[in-house]
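Engineer: Here it is: the structure, laid out below.
The values are calculated or read from the model by the stated rules, or taken from the named source; none is laboratory data. In this text the structure is predicted, and so the values were computed from the model without any measurement. Methodologically, a virtual Cβ is constructed for each residue, glycine included, from the backbone with ideal geometry; neighbour enumeration extends over all protein chains shown. Note: accessible area is taken over every heavy atom of the protein model, side chains too, but ligands, DNA and RNA are not part of it. Shrake-Rupley method; radii C 1.70, N 1.55, O 1.52, S 1.80 Å.
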Amino acid sequence: MKLVIGNLKMNLVSVMERERYFKALKEEMTRNKFSETGIVLCPPFVHLEAFAKNLGKKVRLGAQDMFSEDKGSYTGEISPLMLKNFGGEYVILGHSERRRYFAEKNEEINLKIISALKNGLKPILCVGETRQEKEEHQTLRVITKQLREALRNISRTKAEQIVIAYEPVWAVGTDVVPTSHEIMEAKVLIVKILAELFERKYAEKVKIVYGGSVSAKTVRQVAVDSKMDGVLVGRESLAPREFLKIAKLINE
Ligand code: PGA
């Protein structure tokens, strides 16, 4: 079963919008006779409980970020324990928008991954190069550094809980996607680094997905031809019909 992760980002700004989303998604699921699909939805924190109540039996849930401490005086933060207790199973960490707008660094992402694993959450670690880094042929160097630093001090027995999302920053929200060859190249590198970090036997259990302008039109190229274990979908996850189309195509 392929993973189809929806990153809803900072959307669904009212209860009404959320209810409309639930309705559309459920209708599409019934229409398509969806059962076991490997779908993971990552709504904003405030919606997590409602998603669990309304969709908890049909999809799995995750968050878009978290803090590395379990509880305490950290104004404005959300802890892994909260995610776990409100229905979360996965958590996206190190997304390029967090790195870019909130200056998240690999060291901090590493602490979050360790904490997520300790609390029984499955981290989805995003890595990928910017347009400039790509043009300067720095892709391999950048991904290597992101993986080595973000996955420091993690026991190999935890490796199978981790998902790596290869998300070239220049492909996020742009409608430009890499070729399946470029994605496969990144995957080969990711597998190699993971084998260095965890030993091959354990590294092989890590799921590697692709993210960045995934749609029903691009999914074959970015995930099927390039033999990825799934996709991380931004914009199209807000359109239930398109999102389920992606889930269907990837599992064909
Ligand atoms: P996109 O976003 O599908 O809108 O490009 C992907 C992501 O940010 O994870």
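Engineer: Calculate, for residue 131 and residue 251, the FRET efficiency according to 1/(1 + (r/R0)^6) with r their C-beta to C-beta distance and R0 41 Å; round to the nearest 0.05. If you can, show how the numbers build up before the last one.
Structural biologist: On the way: r = 31 Å, r/R0 = 0.77.
That pair, residue 131 with residue 251, gives E of 0.85.
Engineer: Heads up, I need the accessible area for residue 16: 1.4 angstrom probe, whole protein in place, Å², nearest 10.
Structural biologist: 130
Engineer: Using label points projected 7 Å from each Cα along Cα→Cβ, tell me how many nm separate residue 204 and residue 181, to one decimal.
Structural biologist: Calculated label separation equals 2.8 nm.
Engineer: Taking Cα centroids, how far is segment 62-88 from segment 1-54 in Å?
Structural biologist: The two parts, judged by their Cα centres, are 20 Å apart.
Engineer: Cα-Cα pairs above 29 Å in the chain: how many percent? Provide the component values of the computation, followed by the final result.
Structural biologist: Details: 7877 of 31626 pairs.
Above the 29 Å cut-off, the chain has 25 percent of its Cα pairs.
Engineer: I'd like the carbon and sulfur percentage of the solvent accessible area for segment 99-232, probe radius 1.4 Å, heavy atoms only, ligands and nucleic acids excluded.
Structural biologist: Carbon and sulfur: 51 percent of the exposed surface of segment 99-232.
Engineer: Which of the aspartates and glutamates could a cross-linker span from residue 33 if the Cα-Cα distance has to be under 16 Å and same-chain partners fewer than 8 positions apart are dropped?
Structural biologist: 242, 252
Engineer: Using 1/(1 + (r/R0)^6) with R0 = 22 angstrom and r between the beta carbons of residue 195 and residue 45, what's the FRET efficiency to the nearest 0.05?
Structural biologist: Details: r = 35 Å, r/R0 = 1.58.
The calculated FRET efficiency here is 0.05.
Engineer: Counting only the heavy atoms of the protein chains, how much of residue 155 is accessible to a 1.4 Å probe, in Å² to the nearest 10?
Structural biologist: Ignoring ligands and nucleic acids, residue 155 comes out at about 60 Å².
Engineer: Roughly how many nanometres apart are two label points built 7 Å out from the Cα toward the Cβ at residue 111 and residue 225?
Structural biologist: Simple spin-label model gives 4.3 nm for this pair.
Engineer: If you don't mind, another one. With a 1.4 Å probe and all protein chains left in place, how much accessible area per residue does segment 1-88 have, in Å²? If you can, show how the numbers build up before the last one.
Structural biologist: Working: 4960 Å² over 88 residues.
Spelled out: the 1.4 Å probe surface of segment 1-88, per residue, equals 56 Å².
Engineer: Once the whole set of protein chains is in place, how much accessible area is left on residue 104, using a 1.4 Å probe, in Å² to the nearest 10?
Structural biologist: 10
Engineer: Is the C-alpha gyration tensor of segment 57-99 telling us rounded, prolate or oblate? Criteria: a/c under 1.5 is rounded; beyond that, a/b larger than b/c is prolate, otherwise oblate.
Structural biologist: On the way: a/c = 2.94, a/b = 1.21, b/c = 2.42.
Oblate.
Engineer: A further question on this structure: List every residue whose amide H lies under 5 Å from the amide H of residue 230, counting only residues 5 or more places away in sequence or on a different chain, with H placed 1.01 Å from N in the peptide plane.
Structural biologist: 3, 210
Engineer: Using 0.36 nm per residue of separation minus the Cα-Cα distance, give me the extension gain between residue 71 and residue 155 in nm, one decimal.
Structural biologist: Length difference between fully extended and current span is 27.9 nm.
Engineer: What pairs from 112/245; 23/245; 53/145; 192/245; 84/205 go past 28 Å between their alpha carbons? Write out the running numbers ahead of the final one.
Structural biologist: On the way: 112/245 32 Å; 23/245 17 Å; 53/145 39 Å; 192/245 32 Å; 84/205 23 Å.
As for pairs spanning more than 28 Å Cα to Cα, those are 112/245; 53/145; 192/245.
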